[in-house]
Every structure is written in structure tokens, then in C-alpha cells.
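The values are calculated or read from the model by the stated rules, or taken from the named source; none is laboratory data. None of the values given here were measured: they were computed from a predicted structure. Every residue, glycine as well, gets a Cβ built from its backbone with ideal geometry; the counts of neighbours run over all protein chains shown.
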Amino acid sequence: MKITTPEPDLKLFIDDAVITVFDTMLAMELFPSDRGARFKPDETQVMGMVGVAGGVTAVLCLRVTRTFACQITIAMMGLEPEAVPSEGDVNDVIGELANIAAGKLKSCFRTPGRQCNLSLPTIVRGHSMDMESMSGTERHSFTFYHGDEPVVAEFYSLHHKGIVP
Amino acid sequence: MKTPLILLVDDSKATRAIVAKMLGGYDCEILEAANGALGLEAARQGQPDLIVLDMTMPVMNGVEALRELQADEVLRKIPVIMLTANSNPEEMDQMKALGATDYITKTQKPRIILERAIALIGLQAKPGPVASAAPAFRADVTAGI
């Protein structure tokens, strides 16, 4: 399979997609981190997942704590700072952020003449979530911080030589 | 003079809220719909002056809705701005070929929607301070367009 972007650097693509989305939609500055995500074991996490099919077959997951997800929802929807957003609104916002990040990422993997589509977002909530990929799938995890709040972007892709570094 | 009516069609309540708040400081009325099918119904009933149409939605996506709009002799005259998470120039061309007036990606600064709306339907700012918007957009809106 031929990809239009030579030697794509997945980390650069994902850093750019996630940082741009948080900056544009939330005016929140994110910093990439090598120290990994430090989620408290008893804290609920909210994860938005969007599938990409076409030039690349992949799933992009964005994971944050529920507390931060609520802050993000308040910021994105312009709610009062003391507001308690509904779970539906939190799902909507985290799903939309994952969708926009996947949309930006998808353009990095486009193949001329081949349609590349995004799935509708899916939301998963829980404690100490572990994702296991099937055989032939590669997992790439990238951590960002906004203050003390971790944002984890995970990219699961079917391995195609020359696409994923 | 009739107040312009803008129809926002997006399954994301957050995105609709952002765009609606951004337009809140301008002299226009807003209609919202959560998918393409509801958007078509709203367009037929409301006869908006501008439609902002998301591409990826459940039930009926933006491309299908755009095709339906273009197939209608009355509705095809309404300018349509496609709003999407994708930033693919080929899709941009495809949407314009299908009849979209413009195409905006969600990672672009939201003030671009305002600029296009002003250009397409002559949107006018309301007198007085611009209504507050989500933090990400407040600076854009108050910067003055």
C-alpha cells in the first residue's frame, strides 16, 4: 500500500492532532510527556474511540480522568465553572474531541483515490482500563499533560509495512 | 429586513453549542438539528438562509443530506457550509462538486465560520458587547470581525 506521506512519523502526527484539537476547541495547552500517564487506580476514566478505515485501518482512543473530562466539557460548552455537566454532555464532548483528532490524523494517512472514513465515536468509562489488541495490530501510546491532568492518546493500527514507524 | 436564519446540523451538541454561542452576538436566528434527516426536515420547514452541515452523523450523514438538498429546487439555493473533522483536500473538492458552497474543518479557527457567514448572508453584529462564548472562542469573537 502506498501512502502519500513518506516515512510518516506517527508521534509527530498524533502530537500535532491532539495538541491542535485541545488548543483550537478548548484553548488548553497540552505538553507531550515521556513519563507515562499516572491515573489514580480508583478514579473513573473516560475514553473516546474513533475508527479510521481506508488508507489505514486503525482506532484512535483519547483517555482522560472523569474529573478532567468534566472540566473539558465545561470549557467546550461554555458552561458556568461550577456547573456539573451531564454524562451525556461529557460523552458528547470527549467523543467529538476524539472525532476531530482522528479527522486531522486521517489526513496524514490519505492515499490518493482511496476513500478514508471515520466511524462515529464510542465512549468507554471505567477504572483501570486495559486494552488488548488482536494479533496483527500495533499499539502506540502517547501521553500529554495539561497541568497535572494526563491525556492519553492510543493508536491501534493494523500493521502495514511503511505506514507505522 | 428579515433576520437571517441559520440552520446548524451536527450530531454533537457541544459543537452546535459552540457555533450557536459564537453566532449569538450577531443578528440572526439559529435552528438546530442533530442529524441529516432532522436537518432536511428543519430546512423544509424553516427555509433557512444558511445551513452549516456536519459530515459524519448517524441516521443520515452530511453527504446524503447535501445530495437531498441539491435535489430540491427550492433548498438547493440555500448556501451550505460543510463542517467536518476531516481535513482532506480531495473531500473538499468532492463536497464542492456536490453543491456545497464552502467547507470548513473543525480544527480551523471557529471565526472562519463567522467570516464565511458574514460573506454569504451579510451577517451583522448586534449592537453592544458580543455575547459570551466558550473560552476557546471568546478571543476570536471579541477580536471583532
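Restricting the first residue to the stretch B:85-104 and requiring it to be within 13 Å of chain A (Cβ to nearest Cβ) and hydroxyl-bearing (Ser, Thr, Tyr), which pairs with a second residue that is surrounded by 15 or more Cβ atoms within 10 Å (Cβ to Cβ) and not in a loop (DSSP other than H, G, I, E, B) meet a Cβ separation below 6 Å and a spacing of at least six or different chains?
Listed by first residue and then by second, the contacts come to B:Ser87/A:Lys104; B:Ser87/A:Ser107; B:Ser87/B:Thr105; B:Tyr103/B:Met82; B:Tyr103/B:Met92; B:Tyr103/B:Met95.
Of these, B:Leu123, B:Leu38, which one is touching a residue at least 40 places away in the same chain (Cβ under 8 Å) and under 23 Å from B:Gly24 (Cα atoms)?
It is B:Leu123.
Just for strands (runs of 3 or more DSSP E) wholly inside the stretch B:1-87: which have at least 2 residues that are among the aliphatic types (A, V, I, L, M) and surrounded by 21 or more Cβ atoms within 10 Å (Cβ to Cβ)?
B:5-9, B:50-54, B:80-84
Does B:Met22 qualify as being touching a residue at least 40 places away in the same chain (Cβ under 8 Å), within 25 Å of A:Gly51 (Cβ to Cβ) and out of contact with any strand residue (DSSP E or B) (no Cβ under 6 Å at 6 or more places or on another chain)? Give the derivation first.
Values: touching a residue at least 40 places away in the same chain (Cβ under 8 Å): yes; within 25 Å of A:Gly51 (Cβ to Cβ): no; out of contact with any strand residue (DSSP E or B) (no Cβ under 6 Å at 6 or more places or on another chain): yes.
Criteria not met by B:Met22.
All but one of (1) under 16 Å from A:Glu154 (Cα atoms); (2) in contact (Cβ under 8 Å) with a residue 24 or more places away in the chain; (3) more than 8 Å from chain B (Cβ to nearest Cβ); (4) in contact with a Ser or Thr (Cβ under 7 Å, 6 or more places away or on another chain) hold for A:Ile100, so report the exception by its number.
Here A:Ile100 meets the rest and fails (3).
What residue, among those in the stretch B:105-117 that are of a type outside the set (Lys, Arg) and in contact (Cβ under 8 Å) with a residue 60 or more places away in the chain, is farthest from A:Thr20 (Cα to Cα)?
If we take residues in the stretch B:105-117 being of a type outside the set (Lys, Arg) and in contact (Cβ under 8 Å) with a residue 60 or more places away in the chain, then B:Ala117 is farthest from A:Thr20 (Cα to Cα).
Yes or no: B:Leu83 under 12 Å from the mean Cα position of the chain (by Cα) and within 20 Å of B:Asn35 (Cβ to Cβ)?
It is true that B:Leu83 is under 12 Å from the mean Cα position of the chain (by Cα) and within 20 Å of B:Asn35 (Cβ to Cβ).
Applying the selection to the stretch A:10-28, what residues are closer than 15 Å to A:Lys104 by Cβ and modelled with pLDDT under 90? Lay out the reasoning, then the answer.
Our first condition is that a residue be closer than 15 Å to A:Lys104 by Cβ; within the stretch A:10-28, this holds for A:10-26.
Across the stretch A:10-28, the qualifying residues are A:Leu10, A:Lys11, A:Leu12, A:Phe13, A:Thr24, A:Met25, A:Leu26.
I'm told B:Ala65 meets every condition in (1) in contact with a Gly (Cβ under 6 Å, 6 or more places away or on another chain); (2) of a type in the set (Gly, Ala, Ser); (3) free of Cβ contacts under 8 Å to residues at least 12 places away in the same chain except one. Can you identify the failing condition by its number?
Tallying (1) in contact with a Gly (Cβ under 6 Å, 6 or more places away or on another chain); (2) of a type in the set (Gly, Ala, Ser); (3) free of Cβ contacts under 8 Å to residues at least 12 places away in the same chain, B:Ala65 fails exactly one: (3).
Tell me whether the stretch A:36-50 contains one or more residues that are of a type outside the set (D, E, K, R) and within 13 Å of chain B (Cβ to nearest Cβ). Please lay out each step first, then the result.
Step one: of the stretch A:36-50, the residues of a type outside the set (D, E, K, R) are A:36-37, A:39, A:41, A:44-50.
When the remaining residues are screened for being within 13 Å of chain B (Cβ to nearest Cβ), the result is A:48, A:50.
Yes: the stretch A:36-50 contains one or more residues that are of a type outside the set (D, E, K, R) and within 13 Å of chain B (Cβ to nearest Cβ).
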